[in-house]
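Participant: Before I ask anything, here is the structure I am working with.
What follows draws every value from the coordinates through simple rules; no lab data is involved. The model shown is predicted, which means the values in this text are computed figures rather than measured ones. Here the Cβ positions follow ideal geometry from the backbone for every residue, glycine too, while neighbour counts run over all protein chains shown.
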Amino acid sequence: MRDGAPLQRPDPKQCIEDLRRLRFPEAVAVFLGGSVMRGQATPYSDLDVVVVLESLPAAYRESLIHQGWPVELFVHDPETLAYFFESDRKRGVPSLAAMVSEGLELPTTSSSSARIKQQAWQVLQDGPTVWEQPERENARYAISDVCDDLRAPRNPAQALASAARLYEMLANFALRSAGCWSATGKSIPGQLEKLQPGLSDRYTRAFQTFFQKLSADELLELAESLLEPYGGWLFEEPPRPAPPHWRLRNPPQFETARLILRMPVERDIPSILRYLRGNQARLAPLEPERPVDFYTAEYWRSYLNWARQEFSHETALRLVVTPRQKDEVIGMINFSQMFRGPFQACYLGYSLDLEWEGQGIMFEALQRALDYILNELGFHRVMANYLPENERSARLLQRLGFVIEGRAQNYLHIGGEWREHVLTALTRPV
């Protein structure tokens, strides 16, 4: 229990070795680390354990109690371990690499555990990615801003909030600016002491003075001394453009003589499912295999949420087609894999209810949708590919101005086999 230290617990090595046998007998390597193994434990310390398997779908973290010990499990395979090592380098805090490097190998050292430990040691030796000047300037500006709030706080509550923010901000600035690994929380004093003997005591004293007396003088002096080698206080800052896709676009809705095209919303799910189930038998031979839950409301709730994010990031546009006189889904149009930069292109997919075929419905819908993609969003190229036997799509795309550019062997896996496709594209005149 976390609210009281157990009276008796086994040796931590025995505890984790038992857990390994029960849960991870096939593990490539197991590393036991944390404050207990460093001899710095308190009655409430837990055991940090990194488990490396040959492969798994995704890395995960799990917290549990085993034989009275609180255990934090970090479960990886070699690829996810490498990913998190690199992620730690980019953010400047070597959490996972440190756990592996200092961890005790269980049940004993092996060639695999030694290799993984060497990788972790090399990450620590290489250090974090270089803090470029823009990142350092952004941090200087943020620290200066918080310190201004400390100089004349509106009330004690705001002063406490500002100082609490400053604790990690200042340490991160001092460490990253010097090219050192940063730290969070309780690890900060140790890292500061490595950077400069005596800095940890000075840092702790400045914050203690503030929190005990609400006197910011010593804390402001500390901040100024840490900023000074890199230019000191910074108020003026050049513009920092946000990424262009950081915007919530209004979902498009188009009307034609007979149709409405719009992004689907949750109230459309029953209509979408009726459309998909009603056309499943004839569309399945033309499309890749669908997920097992494709025809469920749960799948489509998740799909619509993802579709909104795709549109916001301008990576896809998903549309449903309904008649003007009836709010019922009769078709779907997808513009996916949207690429900007020098390519300015996307892929087109579409389907229509059997009862509405032969009336020029999809031609009418695609004319309006393509006008939006090419002329309003400014894409240069739309690509659409179809099975050679799909003559209806061939005629529709030709009528819309798509040009055949070739054939791709073994292009998509459909109906249990790799199928050839005809490749077509429509480009905006230049």
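Participant: Mind sorting Ser35, Ser111 by how few other Cβ atoms lie within 10 Å of their own Cβ, fewest first?
Facilitator: Working: Ser35 14, Ser111 9.
Neighbour counts put them in this order, fewest first: Ser111, Ser35.
Participant: Determine the dipole magnitude for the range 297-376: charges of +1 sit on the beta-carbon of Lys and Arg, -1 on that of Asp and Glu, nothing else is charged, the reference point is the Cα centre, and the result goes in debye to the nearest 20.
Facilitator: Values: 7 positive and 11 negative charges, 52 e Å.
The calculation lands at about 260 debye.
Participant: Strictly greater than 19 Å: what percent of every Cα pair in the range 47-204 meets that?
Facilitator: The proportion of pairs with Cα distances above 19 Å equals 64 percent.
Participant: Let's test this: bin the Cα-Cα distances of the range 35-139 at 5 Å from zero up to the farthest pair and state each bin's percent.
Facilitator: Percent of Cα pairs in each bin: 2, 11, 19, 21, 19, 13, 8, 5, 2, 0.
Participant: How large is ³J(HN,Hα), in whole Hz, for each residue of the range 49-66 in order, when computed from phi with the Karplus curve 6.51 cos²θ - 1.76 cosθ + 1.60 and θ = phi - 60°, using x for Gly and Pro?
Facilitator: Each residue's phi maps through the Karplus curve to give 10, 9, 10, 10, 9, 5, 7, 7, x, 7, 5, 8, 10, 9, 10, 7, 10, 9 Hz.
Participant: Another question about this same structure. From the helices alone, meaning DSSP H stretches of at least four residues, give me the mean residue ellipticity at 222 nm for the chain, per-run term -39500 (n - 2.57), in deg cm²/dmol to the nearest 500.
Facilitator: Calculated from helices alone, the mean residue ellipticity at 222 nm is -13000 deg cm²/dmol.
Participant: Explain nothing, just the number: relative contact order of the chain, from Cα pairs under 8 Å at least 6 residues apart, as a whole percent.
Facilitator: Worked out over the chain, it gives 8 percent.
Participant: Can you find, among Trp69, Gly103, Thr427, the residue sitting farthest towards the positive end of the charge dipole of the chain, where Lys and Arg contribute +1 and Asp and Glu -1 at Cβ?
Facilitator: Thr427
Participant: Please list the equivalent ellipsoid semi-axes of the range 253-427, computed as the square roots of five times the alpha-carbon gyration tensor eigenvalues, in descending order and whole angstrom.
Facilitator: For the range 253-427, the ellipsoid semi-axes come out as 23, 20, 18 Å.
Participant: Let me ask something else about it. Could you run the Karplus curve 6.51 cos²θ - 1.76 cosθ + 1.60 with θ = phi - 60° over the range 221-232 and give me ³J(HN,Hα) per residue in whole Hz, x for Gly and Pro?
Facilitator: Karplus values, whole Hz, x for Gly and Pro: 5, 4, 4, 5, 5, 6, 7, 3, x, 10, x, x.
Participant: To continue, here is another question. Could you sort 93-99, 185-191 so that the peptide with the highest average Cβ count within 10 Å comes first and the rest follow in order?
Facilitator: Highest to lowest by the protection proxy: 93-99, 185-191.
Participant: A further question on this structure: So if I place +1 on the C-beta of Lys and Arg and -1 on the C-beta of Asp and Glu, and nothing else carries charge, what would the dipole magnitude of the range 133-230 be about its Cα centre? I want it in debye, nearest 20.
Facilitator: Taking the Cα centre of the range 133-230 as origin, the dipole is about 260 debye.
Participant: Right, next: Identify all aspartates and glutamates with a Cα-Cα distance to Lys90 below 13 Å; exclude those on the same chain that are fewer than 8 residues away in sequence.
Facilitator: Asp126, Glu132, Glu135
Participant: Now, a different point. Please report the net charge: other residues with Cβ closer than 11 Å to the Cβ of Leu276, K and R +1, D and E -1.
Facilitator: Summing Lys and Arg as +1 and Asp and Glu as -1 gives +1.
Participant: I would also like to ask the following. Just to confirm the filter: which chymotrypsin sites (Phe, Trp or Tyr not before Pro) across the range 14-67 are DSSP coil and have at most 14 other Cβ within 10 angstrom of their Cβ?
Facilitator: Answer by residue number: Tyr44.
Participant: Right, next: Give the separation of the Cα centroids, the range 334-351 to the range 119-140, in Å.
Facilitator: Cα centroid to Cα centroid, the span is 36 Å.
Participant: Then there's this: Would you list, by chain and number, the lysines whose Cα falls below 18 Å from the Cα of Lys186, excluding same-chain residues fewer than 8 positions away?
Facilitator: Within the straight-line cut-off, Lys186 pairs with Lys194.
Participant: Would you work out the charge dipole size for the chain about its Cα centre, treating the Cβ of every Lys and Arg as +1 and the Cβ of every Asp and Glu as -1, and quote it to the nearest 20 debye?
Facilitator: 680 debye
Participant: Report the semi-axes of the equivalent ellipsoid for the range 133-230 in whole Å, largest first, where each axis is √(5λ) for an eigenvalue λ of the Cα gyration tensor.
Facilitator: Those come to 21, 16, 11 Å.
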